[in-house]
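The values are calculated or read from the model by the stated rules, or taken from the named source; none is laboratory data. In this text the structure is predicted, and so the values were computed from the model without any measurement. Heads up, the Cβs are rebuilt from the backbone with ideal geometry, glycines too, and the neighbour counts pull from every protein chain shown. Calculation scope for accessible area: heavy atoms of the full protein, side chains included, ligands and nucleic acids excluded. Shrake-Rupley method; radii C 1.70, N 1.55, O 1.52, S 1.80 Å.
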Amino acid sequence: MTETAMQMPLTPAQALILPADAHNRSLVDNVHPLTWINPKPAGRYNLVALGAGTAGLVSAAGAAGLGAKVALVERHLMGGDCLNFGCVPSKGLLRAARAAQETREGEAFGVGMPDSISFDFSSAMERMRRLRANISEHDSAHRLSSLGVDVFFGAAKFVARDAVEVGGQTLLFSRAVIATGTRAASPAIDGLARTGFLTNETVFSLTELPRRLAVIGAGPVGCELAQAFRRFGSDVFLLTHGSRILPREDADASGLLARQFEREGIHVAPGANILRAEKQNGAKALVFQQDSQENRVLADEILLAIGRVPNLEGLNLDAAGVAFDKRGVTVDDHLRTSNRRIYAAGDISSVYKFTHAADAMARVVLQNALFFGRKKASALVIPWCTYTDPEVAHVGLYEKEARARGLDLITLTVPLNEVDRAVLDGDENGFARIHAEKRSGRILGATLVARHAGEMISEISLAITAGVGLGTLAKTIHPYPTQAEAWKRLGDEWNRSRLTLRVRNLFERYLSWRR
Ligand SMILES: Cc1cc2nc3c(=O)[nH]c(=O)nc-3n(C[C@H](O)[C@H](O)[C@H](O)COP(=O)(O)OP(=O)(O)OC[C@H]3O[C@@H](n4cnc5c(N)ncnc54)[C@H](O)[C@@H]3O)c2cc1C
């Protein structure tokens, strides 16, 4: 970066990318170059993408690759949440946390351990910043520009049903896609603004390990970061107003993870109603009610992870006739908004707030917006995974949902302590569970709790996408020993369950005759 560039005023998001070390400077050089000059709009665009997170990037790059004239508008950092404040930095940190934990548990594998193990938080954060900067090249303004996309920095705002304004310039479009994502929701907790708090936008800028960390919210983000910081050595308190952690997941999966958290020394407070935050002797205190008792937890940092709110402000959606509500932009199954020229994709319009879902939705938009396609978002098979240790992954229906639809169901479970490779790896804390149609074996959904659940769930996503049933899983040869054999075991179990007493008797008679 040049001297002049360094003296330019930073946008709020650039300023969030701290510390201003070489890694973060090269990140900013990629995702919001300080010397960038917006191009002159080149007539009417086939597609204007608002927001350069996953959904905007995939829409813009995909459309340009098909020969369309495309503009991409980003107000802060290209790559959006995933690259800058979400998946990438969090998974970088989780890996370091796992290394710390594996070292602690080394003795179980016969690895001699010194009396004390030191862990350098600032090195782990530096590693994360370096990897994030390296990965950012892919989402960079220069790369998108080299693909033929006109990249504009500035906040996009609709000024007509077919026009967006950015930095004083008007971009006319035939089609547009709103992909402005979400940000961390902040609860109305009295005193929280005075004590200060972290969100996913600031937690990855820490350079010192908080000795005590209070995490509010026990969804995927809260759980992943609670475990990571505990493994780094923080005293972690995880508060949730719900009755359990990962409340949307299979109750057995969340129970298993809760027991793992307890073993690792994470204090979980379910049913916590936070009354106020206050300063106490240089620390931050959270006062909460639990089981009608008032409690107090002291922390050096408070991390908010209670959910997301859509980035709608300033878009001037009324000028474009685009309907929205407090959950985000309203779309139909083809991802079209109330303005037939305008589509929406990603977190801004979906309950599936995942990078791979944003990517898949952008592809639906490309076909529907540019090629008269009739692709439906409801046809997408979207798996997800919480990257705790063990990981919790899911695809398709939960048992409750399948029963509510009146489906005749069979649910099969194999604990990982019955899968040789999981036992040998010391990964037996988990299970694989499949819900299938009783008669046909068609797979309806699956939950997997396993160290590599995020990798292993794809086999079931493929099976659901291809309409493959449990019988085919049973026929599929899996290498021995692998943890994925759990799926084959469930296929075998289904085959066995179909062997009625009558058929079994017939088999027995036939085989005794063959003796
Ligand atoms: C801590 C954390 C960890 C996560 N981990 C995972 C994970 O492991 N796996 C996974 O699949 N998902 C994960 N997610 C979710 C994932 O980050 C999001 O689902 C994904 O980023 C959504 O992409 P998007 O394109 O819809 O929105 P975003 O990534 O939010 O991008 C939207 C972009 O639009 C820009 N914008 C907003 N308003 C305007 C405007 N008016 N004009 C111009 N630009 C605008 C924003 O600045 C932003 O860059 C995680 C999220 C968090 C917070």
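Laid out as a table, the results:
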| item | result |
| --- | --- |
| Residue satisfying condition, being aliphatic (A, V, I, L, M) and open to solvent by 30 Å² or more (accessible area, probe 1.4 Å), within set ALA96, ALA124, ALA71, ALA22 | ALA22 |
| Some residue of region 318-329 being open to solvent by 30 Å² or more (accessible area, probe 1.4 Å) and in a strand (DSSP E or B) | yes |
| VAL177 being in contact with a helix residue (DSSP H, G or I) (Cβ under 6 Å, 6 or more places away or on another chain), closer than 30 Å to THR330 by Cα, modelled with pLDDT of 95 or more and crowded, with 21+ Cβ neighbours inside 10 Å | yes |
| Close pairs from region 222-235: first among the acidic types (Asp, Glu), partner not in a loop (DSSP other than H, G, I, E, B), Cβ under 7 Å, at least 6 apart | GLU224/SER90; GLU224/LEU94; GLU224/THR386; ASP235/ARG212 |
| Which numbered condition LEU77 misses (of (1) over 16 Å from LEU206 (Cα atoms); (2) out of contact with any His (no Cβ under 7 Å at 6 or more places or on another chain); (3) within 14 Å of the ligand (Cβ to nearest atom)) | (2) |
| Failed item, numbered, when ARG341 is tested on (1) within 15 Å of the ligand (Cβ to nearest atom); (2) closer than 12 Å to ILE178 by Cα | (1) |
| Residues located in region 472-515, provided they are buried (at least 17 other Cβ atoms within 10 Å of the Cβ) and among the small types (Gly, Ala, Ser) | ALA474, ALA484, ALA486, GLY491 |
| One residue from GLY62, GLY56 being part of a helix (DSSP H, G or I) and within 11 Å of the ligand (Cβ to nearest atom) | GLY56 |
| In region 414-454, residue nearest to GLU102 (Cα to Cα) [restricted to those that are of a type in the set (S, T, N, Q) and surrounded by 15 or more Cβ atoms within 10 Å (Cβ to Cβ)] | ASN429 |
| Which numbered condition MET113 misses (of (1) within 16 Å of the ligand (Cβ to nearest atom); (2) farther than 21 Å from GLY43 by Cα; (3) open to solvent by less than 80 Å² (accessible area, probe 1.4 Å); (4) not aromatic (Phe, Trp, Tyr)) | (1) |
| Selected residue [over 30 Å from the mean Cα position of the chain (by Cα) and polar (S, T, N, Q)] from SER116, SER122 | SER116 |
| Number of the exception - ALA358 against (1) in contact (Cβ under 8 Å) with a residue 60 or more places away in the chain; (2) on the phi < 0 side of the Ramachandran plot; (3) assigned to a loop (DSSP other than H, G, I, E, B); (4) within 11 Å of the ligand (Cβ to nearest atom) | (3) |
| Residue match in region 274-293 (condition: among the acidic types (Asp, Glu), open to solvent by 10 Å² or more (accessible area, probe 1.4 Å), in contact (Cβ under 8 Å) with a residue 60 or more places away in the chain and within 16 Å of the ligand (Cβ to nearest atom)) | no |
| Search result, residues across region 385-413 that are at positive phi and either surrounded by fewer than 21 Cβ atoms within 10 Å (Cβ to Cβ) or without any contact (Cβ under 8 Å) to a residue 40 or more places away in the chain (or both) | GLY406 |
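Results for (1) near the ligand (Cβ under 9 Å from one of its atoms); (2) surrounded by 19 or more Cβ atoms within 10 Å (Cβ to Cβ), shown as yes or no for each residue.
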site	(1), (2)
GLY181	yes, yes
ILE189	no, yes
ARG194	no, no
PRO210	no, yes
ILE216	no, yes
